[in-house]
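Visitor: The structure under discussion is supplied below as structure tokens; questions concerning it will follow.
The values are calculated or read from the model by the stated rules, or taken from the named source; none is laboratory data. Values in this document were obtained by computation on a predicted structure and should not be read as measured data. Every residue, glycine as well, gets a Cβ built from its backbone with ideal geometry; the counts of neighbours run over all protein chains shown.
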Amino acid sequence: MSAQVLSFNQSKPKNEVCRYLVLKAKIDKDSDLRFSISPEIMHWRDDLWIIDLNSTKRYWYATSLQKDQSLEDALKEQVSNFLEDFQWINCKHPWQGLILLPLLSESQRLYYFEEDYCQNLARSVCWESWLKESETLYNHLQKLVKQSSLNQFSSKRSQLLRAMDRLGLEEVYDLEQADTSSMQKRFGFWMGKLWEWTFPNKRSDLPLMQGLQDLNEFPWTCEKPKQVALRIRALDYSVDQWDQLEPFLQEDIAYIEKSFLRQKKISICQIEWSLELYGGQSFSLKIDFRNPYAIFEDAPVFNTALTQARYQFEAWQKSLTEEKSFHDYLEAYKIVSWKLEVNKHIYLQQSEQSLDVASSITNYYKILDLENKLPKALEHYRLKKGFAINAHEIKEKTQGFFTQKDGLWTKTASHRPLYYKTTQKKLRNLPYRSFFLERNSSDWWKEEHSEDYNWDFYKSHYQRNWHWVVKNSFGETYELGRFD
Amino acid sequence: MSSKLSFLHSSLPENLLKKQVAPALPFGSGIASLDQWLDGGLAWGKFSEWGMPLGSDTRKLLLHFLKKANCDFLWVYSPKMGAPYPASWASQIDLNRAYFIESDRPVSDLKSCFLDNVFRLIILDSPQFVSLGDLAFLNQQCRALKQHYFLLRPYYLSNKLGNAYAQYRINVFKEEANGYILKKQKGIGEQTNLHLAMEEVVLHERSSSFL
């Protein structure tokens, strides 16, 4: 069954902050201020920068709540602290921002690739403009991929330009409907990738969490801080137990915090812990923090850092015991030295938390902090502004979440189960004891929905349980979830 | 206060002084007959155990308590449950207050959650591994941090295997047409059974809907 039956119904809000920011500004290449918004920043060329918001978006969301402003305003305020003149665009893939940014005029205004204005501009992008950044792309690719895979990069690019000229197609969007695989077949792998980056495939909206588009072989090289915060330790005796190494690790974290981070109030996002073993092997463990970790506030115990380090250490030990024999493990897999290095950090100009801030907002910060101590991330859902019962039935709600009464929506949603199954099970027929709940109809007048346009939802009782069942226009029945 | 008494007051250890603060009022569901049956509601600093087999369609009853408590809560669900379907939750509670995490060993995996009162309500939905030691730990933590934990079991509770730590042990049954039937295995109150008419629940849902 395709995910279409379970199309859970989020329309696409046009100014939702997406993962990447492409920024045009003069920034000192050695300055710590580069890491003011996110630890993941890439220098594209000259004054063009790409920022990945993935690891800090939730922090900025909390900040925006605290200051009672939008996420966009919170980001703008932070950027304005260290830059006077800048242009920027928010997009799902960096390439989208790179092709559109030269066409934007207004400085400081955050443009969204998906907003109508930008989409109209994008429609006027000609093939030369679309390929303008391909030179820089080629330079970046040279550092990361084998030369053999780039052999035909330039020739295919010229071939594409010639073909479009011959066909009389001036703008890139003239071919909007073209398939990535067709482009790839005719103009090579990398031209196909450029196409896919510009027009990403439509993905299923399952699960309901906002789908983050991956880089899809875009040559990402993260900027490194100029001053490297690291500590090397050679142990007097080899160790393989967490209890033995924890005090030394705590000492090293304290050293790094005191020497490099405390004065500048730098929060960290990732520590690399490189282990040297008695047998001569070396392993690298990445201690990741889901949200910026204000390590100077956790001194002198560093509970969060040690907890995350322990999770990584235990996972690594588990993988070792699975791979190696017990004898090998005892002999060669003891740690003799390590290097601890802060890989990703963020320079946050901490604003003083006012006492007037509502407790729910300060609690949000506490939750972000707690999340850093957990083995997995917390799931937190929110419904977007354009949420509707059905992807094809978009009801725009203009102010915040559900400010308008919507009887139909509440009625249907309250008759759905609290959990759904990620894989749907096909049933032979509709169970005998079934109660009709609702009918969803798709855009039957559109060709792609013309046959399977009605989905009937039922609450069915079988195998002593209440299940959530759907029957499509072809009479096929699927189990979607269970009423727990 | 006389000078002697004030001296006595100032010489009391800090932990004794704290105990003079009135205990937090219990929180209810907002459904009058249910709250009355629970002697005013569920107490902070305690935990309750609920017999709610999977597929019995009874968990939505608990959402009334979460809505009424109006605080951030953590719902820990077992991998066998599937994935939370936010639309359904949003029809009854404020999603901004709801946090979810998947775990079958909540006490050992998510210890940090129980060491701080970031979440005043924690719901452990059908965990596979909860030992007696874990129950003692949960009891101690919720008492110390003035939280309330719901422990939902995927089977009906029996008196043969008791739980000394739980304030309430309740089995919940649902009859499609008639409503909920709650049977108290342990807890305060004279009545052991409660028949909660569906009309009353629906009426309360409609009156308290935040949508």
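Visitor: Suppose the filter is in contact with a Pro (Cβ under 8 Å, 6 or more places away or on another chain), touching a residue at least 12 places away in the same chain (Cβ under 8 Å) and within 22 Å of A:Leu121 (Cα to Cα); does A:Tyr20 pass it? First the steps, then the outcome.
Guide: Details: in contact with a Pro (Cβ under 8 Å, 6 or more places away or on another chain): yes; touching a residue at least 12 places away in the same chain (Cβ under 8 Å): yes; within 22 Å of A:Leu121 (Cα to Cα): yes.
Judged against the criteria, A:Tyr20 is a match.
Visitor: Against the definition (charged (D, E, K, R), surrounded by fewer than 19 Cβ atoms within 10 Å (Cβ to Cβ) and away from chain A (no Cβ under 11 Å)), how does B:Lys146 come out, yes or no?
Guide: On the way: charged (D, E, K, R): yes; surrounded by fewer than 19 Cβ atoms within 10 Å (Cβ to Cβ): yes; away from chain A (no Cβ under 11 Å): yes.
So B:Lys146 passes the test.
Visitor: Do we have any residue at all in segment B:167-182 that's of a type in the set (Ser, Thr, Tyr) and either over 29 Å from B:Leu132 (Cβ atoms) or within 18 Å of the chain's Cα centre (by Cα) (or both)?
Guide: Of the residues in segment B:167-182, the ones of a type in the set (Ser, Thr, Tyr) are B:168, B:180.
Pick out the ones that are also either over 29 Å from B:Leu132 (Cβ atoms) or within 18 Å of the chain's Cα centre (by Cα) (or both) and you get B:168, B:180.
Yes; the residues of segment B:167-182 include at least one that is of a type in the set (Ser, Thr, Tyr) and either over 29 Å from B:Leu132 (Cβ atoms) or within 18 Å of the chain's Cα centre (by Cα) (or both).
Visitor: May I ask you to list the residues in segment B:57-71 that are under 14 Å from A:Asp484 (Cα atoms), more than 7 Å from every other protein chain (Cβ to nearest Cβ) and in contact with a strand residue (DSSP E or B) (Cβ under 7 Å, 6 or more places away or on another chain)?
Guide: Of everything in segment B:57-71, those that are under 14 Å from A:Asp484 (Cα atoms), more than 7 Å from every other protein chain (Cβ to nearest Cβ) and in contact with a strand residue (DSSP E or B) (Cβ under 7 Å, 6 or more places away or on another chain) turn out to be B:Thr58, B:Leu61, B:Leu62.
Visitor: Follow-up question, since we're still on this one. Got a sec? Which helices (runs of 4 or more DSSP H) wholly within segment B:72-143 have at least 2 residues that are away from every other protein chain (no Cβ under 12 Å)?
Guide: Passing ranges: none, list empty.
Visitor: Conditions first: (1) under 12 Å from the mean Cα position of the chain (by Cα); (2) crowded, with 19+ Cβ neighbours inside 10 Å; (3) of a type outside the set (Ser, Thr, Tyr); (4) farther than 20 Å from A:Thr422 by Cβ. B:Trp75 passes all but one, so which condition is the exception?
Guide: (4)
Visitor: While we're here: Listed residues B:Leu110, B:Leu152; which is at pLDDT 95 or above, touching a Ser or Thr at 6+ places or on another chain (Cβ under 8 Å) and within 23 Å of B:Pro79 (Cβ to Cβ)?
Guide: On the way: B:Leu110 fails: at pLDDT 95 or above.
The conditions single out B:Leu152.
Visitor: Continuing with the same structure: Just to be sure before I move on: is A:Lys146 closer than 30 Å to A:Glu16 by Cβ and at pLDDT below 85 in the structure I sent? Steps first, answer last, please.
Guide: Numbers: closer than 30 Å to A:Glu16 by Cβ: no; at pLDDT below 85: yes.
No; evaluated as a whole, the condition is false for this residue.
Visitor: I've got another one for you. Taking the options B:Phe100, B:Phe65, name whichever one is buried (at least 21 other Cβ atoms within 10 Å of the Cβ) and among the aromatic types (Phe, Trp, Tyr).
Guide: B:Phe65
Visitor: Hey, among B:Ser29, B:Ser48, which residue is of a type in the set (Gly, Ala, Ser), within 19 Å of B:Glu200 (Cβ to Cβ) and more than 13 Å from chain A (Cβ to nearest Cβ)? Steps first, answer last, please.
Guide: On the way: B:Ser48 fails: within 19 Å of B:Glu200 (Cβ to Cβ).
The conditions single out B:Ser29.
Visitor: If you don't mind, there's one more thing I want to ask. With A:Ile287, A:Ile256 as the choices, which residue is modelled with pLDDT of 90 or more and either in a strand (DSSP E or B) or out of contact with any Leu (no Cβ under 7 Å at 6 or more places or on another chain) (or both)?
Guide: On the way: A:Ile256 fails: either in a strand (DSSP E or B) or out of contact with any Leu (no Cβ under 7 Å at 6 or more places or on another chain) (or both).
Going through A:Ile287, A:Ile256 in turn, just one is modelled with pLDDT of 90 or more and either in a strand (DSSP E or B) or out of contact with any Leu (no Cβ under 7 Å at 6 or more places or on another chain) (or both): A:Ile287.
Visitor: Sticking with this one: Of the residues that sit in segment B:162-206 and are part of a strand (DSSP E or B) and within 14 Å of chain A (Cβ to nearest Cβ), which one is surrounded by the fewest Cβ atoms within 10 Å (Cβ to Cβ)?
Guide: Going through the qualifying residues, I end up with B:Glu175.
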